[in-house]
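Participant: Please find one structure pasted underneath; my questions will follow.
Taken together, the values in this text are just the output of simple stated rules run on the coordinates, not laboratory data. In this text the structure is predicted, and so the values were computed from the model without any measurement. For neighbour counting, all protein chains shown are included, and Cβ atoms are generated from backbone atoms with ideal geometry for every residue, glycine included.
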Amino acid sequence: MKQYIYFFSVILLAACTKQEITAEAIINQSKDYHSYQLLTELTKDIGPRLSGSANGAKAVEWGLQKFEELGFDTFYLQDVMVPHWERGNPEKGFWVTANQEIEVTALGGSVGTPVSGIKAEVIEVQDFKQLKDLGKDGVEGKIVFFNRPMNPKLKNTFRAYSLAVNQRSDGAWQAAQYGAVAVLVRSMTTATDLNPHTGVMRYRDSIPKIPALAIATEHANALSSALKTEKQWVQLEANCKWYPDTLSHNVIGEIKGKSNEIIAVGGHLDSWDLGEGAHDDGAGIVHSIDAVRILKKLGHKPNHTLRVVLFMNEENGARGGQKYAELAAQKEEKHLMAVESDRGGFTAEAFSIDGDSVQLSKLQSLVQDLAPCGIKEVYAGYGGVDIGFLREVDSTVVLVGLVPDPEKYFNYHHTRSDVLENVDPDQLASGSAAVAQLIYLVDTGRASW
């Protein structure tokens, strides 16, 4: 009799061991709000994490510590040389004609002004064609005010952003070639407020470098209105400075699988320096860590190696993503899928797929299984900045971007308001659950290609 009991006990144990992890189990595990605890540590104990800064280095150490505490099989650093730019003392904007201060912030990578600032007449343009039409005669010695708003009618705010952001990224050198002394750029948001948005900009070595600052949308509207009736003058002060490149790191943690083929998931550890980098991209960091933690906690033994990558320097150079892909190629690593979360900590809604038609079809077949985690759609689109470099070294990898509700993202993006208090714990947890469920389904062969 004892032999029969032992036999059936072994059968029962084997059956339990093979039991499928349900979406409900993943969601329930996400509701312990471990993701929010991680985000609290990252934002409140460390804060803003610009590449090359002391806080950026602290974030690297934090990432290693978390992987060790959570029992990842291996965890290590990848060396990355990153740019080192500092804002310096807060910028000042003064609308001379109206005799009032205006809310401005230097764009990331801008040069500073002279100590006494720059005072000049302002001219408003909507795009580079209008700038070209003005030419040197209309631009030389002036501050160029780029005032093309994000389209508020577009439900996809990331699309609206993409149609407006070139004036921020390229406005300075475009204006400088016609003799402008500085540029003011309307903040990249559909909100009307006094919250200026920073963000990366770039120069061309063959063209003089001039200061580039963003102006809050409420003041942009007022300045634009005033320019319709008479000339306007503005004074700007910025104390930005560039330093030599410095050593930083990508942080990697792994749960080993039965094969060396990799399912990677990540976000970027660095953030701009105005807020705490909560939505951008603290949320992506904790989604990635927590998704794999959830599967580990539920006893999942992966078929593929699950790798979490905390990329450094997405905001002002993307060198972490480039280095990761470079080393993956050198080591001849094979990635089945790479997932990126870099669109905030709002309610998970969809996954965007950069892959071939077969990969897309297979992942779209998972929508019903992903639905309990809030996923309504899987569609062809963009994976992400950091994982995108893998495409250059591996044509077969499928790249996946988590798509949360985009409505409010650009209210906080690159501003002093990107803080923990503006992240909802339940919405944040939905992203962890959705990513965990996707990884689980792909790892167990529910979608194979």
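Participant: Taking the structure as given and computing Cα Rg over 2.2 N^0.38 Å, which label from [x] 0.96; [y] 1.00; [z] 1.08 fits?
Facilitator: Identified label for the calculated read-out: [z].
Participant: In the Gaussian network model of the chain, springs joining C-alpha atoms below 10 Å, which of Val60, Val309, Val358 carries the largest mean-square fluctuation?
Facilitator: Greatest mean-square fluctuation among the candidates belongs to Val358.
Participant: In a shell of Cβ-Cβ distance under 11 Å around Asp193, excluding Asp193 itself, what net charge do Lys and Arg (+1) and Asp and Glu (-1) give?
Facilitator: Details: positive: none; negative: Glu103, Glu218.
So the environment of Asp193 carries a net charge of -2.
Participant: Average the reciprocal distances over every distinct pair of alpha-carbons in region 247-388, invert the result, and give the Kirkwood radius in Å.
Facilitator: The Cα-based Kirkwood calculation yields 15.9 Å.
Participant: Taking the 0 to 90 degree range and rounding to the nearest ten, how far is the long axis of helix 2-17 tilted relative to the main principal axis of the chain, both from C-alpha atoms?
Facilitator: 20 degrees
Participant: Right, next: Give the residue from Val385, Trp449, Ala434 lying farthest towards the positive end of the charge dipole for the chain; charges sit on Cβ (+1 for Lys and Arg, -1 for Asp and Glu) and the dipole is referred to the Cα centre.
Facilitator: Trp449
Participant: So how much slack lies between Gln19 and Trp449, counting 0.36 nm per residue of separation and subtracting their Cα-Cα distance, in nm?
Facilitator: Using 0.36 nm per residue and subtracting the Cα-Cα distance, I get 152.4 nm.
Participant: If a/c stays under 1.5 just call it rounded; otherwise compare a/b with b/c (prolate if a/b is bigger, oblate if not). Do that for region 91-240, with a ≥ b ≥ c from the square roots of the Cα gyration tensor eigenvalues.
Facilitator: Taking the square roots of the gyration eigenvalues as a ≥ b ≥ c, region 91-240 is rounded.
Participant: What number, in percent, do you get for the relative contact order of the chain if the mean sequence gap of Cα pairs under 8 Å and at least 6 apart is divided by its residue count?
Facilitator: 21 percent
Participant: Please report the antiparallel percentage of the DSSP beta bridges confined to the chain, to the nearest 5.
Facilitator: Percentage antiparallel, nearest 5: 55.
Participant: Expressed as cubic angstrom per residue, what is the convex hull volume of the alpha carbon set of region 302-449?
Facilitator: Here the figure is 112 Å³ per residue.
Participant: May I pose another question? Give me the number: length gained by fully extending Gln364 to Leu77, i.e. 0.36 nm times residue separation minus the C-alpha to C-alpha distance, one decimal in nm.
Facilitator: Here the answer is 99.9 nm.
Participant: Follow-up. What list of ³J(HN,Hα) values in whole Hz, one per residue of region 239-251 in order, does the Karplus curve 6.51 cos²θ - 1.76 cosθ + 1.60 (θ = phi - 60°) give from phi, with Gly and Pro shown as x?
Facilitator: Result, ordered by residue: 10, 5, 8, 9, 10, x, 3, 10, 7, 9, 8, 7, 10 Hz.
Participant: Among DSSP beta bridges whose residues both lie in region 91-240, state the antiparallel percentage, nearest 5.
Facilitator: Just about 55 percent of them are antiparallel.
Participant: Modelled label-to-label distance, Asn166 and Glu261, 7 Å Cα→beta-carbon offset: nm?
Facilitator: It works out to 4.0 nm between the two label points.
Participant: Describe numerically, in nm with one decimal, the distance between label points set 7 Å from Cα along Cα→Cβ at Glu121 and at Asp45.
Facilitator: Going by the 7 Å Cα→Cβ label model, 5.6 nm.
Participant: Using modelled amide H (1.01 Å from N, peptide plane; none on Pro or chain starts), what sits under 5 Å from the amide H of Val181, excluding residues fewer than 5 places away?
Facilitator: Gly141, Lys142, Ile143, Val144
Participant: Skipping prolines and chain starts, which residues have an amide H placed within reach, meaning under 5 Å, of the one on Asp273, given they are 5 or more residues away or on another chain?
Facilitator: Those lying under 5 Å, H to H, from Asp273: there are none.
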